[in-house]
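What follows is a single structure, written as structure tokens, with notes after it.
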Amino acid sequence: MNAVDVAALLLRGTLALTMIAHGWNHAFGGGRLPGTARWFGSIGMRPAKLHALIATVTELGCGGLLAVGALTPLAAGGVLGTMVVALITNHLRKGFFIFRPGEGYEYVLMISVVSVALAGLGGGYLSIDHAAGLPLRAGSGFVICLAAGLGGAAITLLTSWRPARPVTEQPEEA
């Protein structure tokens, strides 16, 4: 095991725990899945219930895959896609800092970058990917992650994001 393997393990573990916690909160926290669906609807995701479920399953599933280092670039792509959708639908217009009203994009940006970096590193020595002899790192890892993540986000946004249109004032009649 070398420094790259340790870095992959740290990134994988942190990203896995973060995504599992995030997905768990969507499913079982506060308003549970119905509350998550209401929030998804409020930011323009249609059908909201379906997208709340898909996001939750993606976060839990990809978090689990990352925890054990299985299909690491694909799992990182799932995380990237989820974060890109969150970035565009909610966080980008609210500025950089997470502590701003409505939450800025620093959190989703960091998770996105970590996902892509991890895909390039691969799962590392202590991973199912390594044990199975899957050569998923460097160029192929980046391509798989970016294609899955950005492709999935683009399809989701193009087919399902219907943000509210800004209200424009009607000119007064003379």
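The values are calculated or read from the model by the stated rules, or taken from the named source; none is laboratory data. Predicted model only: the values in this text are computed from it and were never measured. Heads up, the Cβs are rebuilt from the backbone with ideal geometry, glycines too, and the neighbour counts pull from every protein chain shown.
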Listed by first then second residue, the pairs whose first member lies in the stretch 124-138 and is over 13 Å from L65 (Cα atoms) and at pLDDT below 95, whose partner is among the polar types (S, T, N, Q) and not in a loop (DSSP other than H, G, I, E, B), with beta carbons under 7 Å and at least 6 positions apart or on separate chains, are L136/T72
Every listed condition ((1) out of contact with any helix residue (DSSP H, G or I) (no Cβ under 8 Å at 6 or more places or on another chain); (2) over 21 Å from L11 (Cα atoms)) holds for P135 save (2)
Take the residues in the stretch 141-174 that are aliphatic (A, V, I, L, M) and not in a helix (DSSP H, G or I), then tell me which one is modelled with the highest pLDDT. A164
Would you check if there is a residue in the stretch 85-98 being touching a helix residue (DSSP H, G or I) at 6+ places or on another chain (Cβ under 6 Å), crowded, with 16+ Cβ neighbours inside 10 Å and hydroxyl-bearing (S, T, Y)? no
Can you tell me how many residues in the stretch 93-116 are among the hydrophobic types (A, V, I, L, M, F, W, C) and under 14 Å from the mean Cα position of the chain (by Cα)? 7
Would you please list the contacts, defined by Cβ atoms under 6 Å and residues six or more apart or on different chains, that run from a residue in the stretch 1-22 that is farther than 13 Å from A67 by Cβ to a residue that is surrounded by 14 or more Cβ atoms within 10 Å (Cβ to Cβ) and among the charged types (D, E, K, R)? H22/E59
Answer from S160, S112 - the residue that is without any contact (Cβ under 8 Å) to a residue 40 or more places away in the chain, touching a helix residue (DSSP H, G or I) at 6+ places or on another chain (Cβ under 9 Å) and within 15 Å of V84 (Cα to Cα): S112
Inside the stretch 136-156, can you point out the residues that are closer than 13 Å to H51 by Cα, surrounded by 17 or more Cβ atoms within 10 Å (Cβ to Cβ) and aliphatic (A, V, I, L, M)? A153
Selected residue (criterion: nearest to A76 (Cα to Cα)) from residues of the stretch 13-35 that are more than 15 Å from the chain's Cα centre (by Cα) and part of a helix (DSSP H, G or I): G13
Report yes if some residue within the stretch 5-19 is more than 19 Å from A132 (Cβ to Cβ) and of a type in the set (S, T, N, Q); otherwise report no. yes
Matching option when the condition is modelled with pLDDT of 95 or more, in a helix (DSSP H, G or I) and under 30 Å from R165 (Cβ atoms), among L65, L50, L10: L50
